[in-house]
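In what follows, a single structure is set out as structure tokens and then discussed.
The values are calculated or read from the model by the stated rules, or taken from the named source; none is laboratory data. Because the structure is a prediction, the values reported are computed rather than measured. Don't worry about glycine lacking a Cβ; one is built from the backbone with ideal geometry, like all the others, and counts go over all protein chains shown. These accessible areas exclude ligands, DNA and RNA; they are computed on the full protein's heavy atoms, side chains included. Shrake-Rupley method; radii C 1.70, N 1.55, O 1.52, S 1.80 Å.
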Amino acid sequence: QVQLVESGGGLVQPGGSLRLSCAASGSIFSIYAMGWYRQAPGKQRELVAHITSGGSTNYPDSVKGRFTISRDNAKNTAYLQMNSLKPEDTAVYYCNAVGSGSYWGQGTQVTVSS
């Protein structure tokens, strides 16, 4: 089992930045990929960033150039740096880890509003 705890969400003005953190514990040796997803009210959960154990990253066009995913293996933590935030980025952001299974954090709210 893997446990994930997100932090770093909050309220930010359009054009601002936030950094989300995802701390992993438990059977972390089994993790080979991590990702960040988001879900806005009335919408499906969507992928916003993905990183493999080898460091390869992937982003949808909607966040490419603005969001950056990274991981610190020594701290068992993944990060999502979000710059140039827009109101449409408002959502609950979830961390996901894939290993022996697929694991999810509890989510952290990000609100972009003036």
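Considering each of 111, 90 in turn, give the residue that is surrounded by 17 or more Cβ atoms within 10 Å (Cβ to Cβ) and of a type outside the set (Gly, Ala, Ser).
Among 111, 90, only 90 is surrounded by 17 or more Cβ atoms within 10 Å (Cβ to Cβ) and of a type outside the set (Gly, Ala, Ser).
Looking at (1) over 14 Å from the mean Cα position of the chain (by Cα); (2) free of Cβ contacts under 8 Å to residues at least 24 places away in the same chain; (3) over 18 Å from residue 107 (Cα atoms), which is the one condition that is false for residue 13?
For residue 13, the exception is condition (2).
Grab the strands (runs of 3 or more DSSP E) fully contained in the stretch 43-106, keeping just those with 3 or more residues being within 13 Å of the chain's Cα centre (by Cα).
Those strands (runs of 3 or more DSSP E) span 46-52, 67-72, 77-82, 91-98.
For the stretch 1-31, which positions are more than 16 Å from residue 71 (Cβ to Cβ), in contact with a Gly (Cβ under 9 Å, 6 or more places away or on another chain) and either of a type in the set (Phe, Trp, Tyr) or not in a strand (DSSP E or B) (or both)?
1, 9, 27
Starting from the stretch 23-40, keep only residues that are farther than 14 Å from residue 74 by Cα, then list their pairs with residues that are open to solvent by less than 30 Å² (accessible area, probe 1.4 Å) and polar (S, T, N, Q) whose Cβ atoms are within a distance under 9 Å, requiring at least 6 positions of separation or different chains.
Going by the 9 Å Cβ cut-off, the qualifying pairs are 33/96; 34/96; 35/96; 36/96; 37/96.
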